[in-house]
Amino acid sequence: MTELLFIRHGPTEWNEGGRIQGRSDVPLSDSGRDEVRSWTLPAPFQSWACLCSPLARARETAALLGFDTPQIVDDLQEMHWGEWEGHTLDTLRAIDPEAFRRNEDRGLDFRPAGGESPREVKARLAQWVASLDKEVLPAVIVCHKGVLRAVLSLATGWDMFDDPPEKLREPCAHLYTIQGDSLMVNQLNISLKTSKI
């Protein structure tokens, strides 16, 4: 039994503008870098290994948290939003509101045009958890919102038809325990604005 602490990257200009990033390699904004510099990783996790998405916003966040040489893991990339990357959800909804609503109502099978469904992200992460090298654990995982949502689904069975069983707040870390090939929630919403857990 071991643990993984998941953290979403800091803000980018696309986050600030409400634009979908997906696999687009958008760096942290200047204000995003300042935001991450204000975070404090709770002491128990500071000596852990770090596994990180290859996207710049995650790598920058890891470095600003003090992880100079994180292990880059392709499976931790954000959900692929295909043709929708760079657009806002409001713009996409306005094109065909009824079709967009039907797609949103598909839960885990929601799929952006030319992109990946949350179910596929969840399957990718389940396979990754099962194949994790236990020698590098416990570890801090610096990743993306779509990954955080898929991990919560993996651990709780949440089908994404409704609100999550617990809102994932920011800036917070989320602690999970690996038992066998499964993930279990240990503690969600550990504030990065304080050093206490």
Inset, instruction - Say whether the condition of being closer than 26 Å to Ser38 by Cβ, β-branched (Val, Ile, Thr) and in contact with a helix residue (DSSP H, G or I) (Cβ under 8 Å, 6 or more places away or on another chain) is met by at least one residue in region 147-158. - result: yes
Inset, instruction - Scan region 133-153 for residues that are within 15 Å of Ile178 (Cα to Cα), surrounded by fewer than 20 Cβ atoms within 10 Å (Cβ to Cβ) and either among the hydrophobic types (A, V, I, L, M, F, W, C) or in contact (Cβ under 8 Å) with a residue 12 or more places away in the chain (or both) and report the count. - result: 4
Legend entry - Out of Asp109, Asp96, Asp68, sole residue that is modelled with pLDDT under 95, touching a helix residue (DSSP H, G or I) at 6+ places or on another chain (Cβ under 9 Å) and of a type in the set (D, E, K, R): Asp68
Legend entry - Selected residue [hydroxyl-bearing (Ser, Thr, Tyr), surrounded by 14 or more Cβ atoms within 10 Å (Cβ to Cβ) and either without any contact (Cβ under 8 Å) to a residue 40 or more places away in the chain or not in a helix (DSSP H, G or I) (or both)] from Ser24, Ser47: Ser24
Inset, instruction - Enumerate the pairs (first residue in region 105-126 and of a type in the set (Val, Ile, Thr); second residue anywhere and buried (at least 16 other Cβ atoms within 10 Å of the Cβ)) with beta-carbon separation below 6 Å, excluding pairs fewer than 6 apart on the same chain, so at least 6 apart or on different chains. - result: Val121/Met79; Val121/Gly146; Val121/Ala150
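Here's a check for you: in region 154-183, which residue that is loosely packed, with under 13 Cβ neighbours inside 10 Å and at negative phi is modelled with the lowest pLDDT?
We begin by selecting, within region 154-183, every residue loosely packed, with under 13 Cβ neighbours inside 10 Å; these are 157, 159, 161-163, 167, 169, 179-181.
Subsequent filtering for residues that are at negative phi retains 159, 161-163, 167, 169, 179, 181.
Details: Asp159: 94, Phe161: 91, Asp162: 91, Asp163: 92, Lys167: 96, Arg169: 97, Gln179: 88, Asp181: 82.
Here the answer is Asp181.
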Inset, instruction - Kindly indicate which of Arg93, Arg106 is under 22 Å from Ala150 (Cβ atoms) and basic (Lys, Arg). - result: Arg106
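The values are calculated or read from the model by the stated rules, or taken from the named source; none is laboratory data. Since the structure is predicted, the reported quantities are computational estimates derived from the model, not experimental observations. Methodologically, a virtual Cβ is constructed for each residue, glycine included, from the backbone with ideal geometry; neighbour enumeration extends over all protein chains shown.
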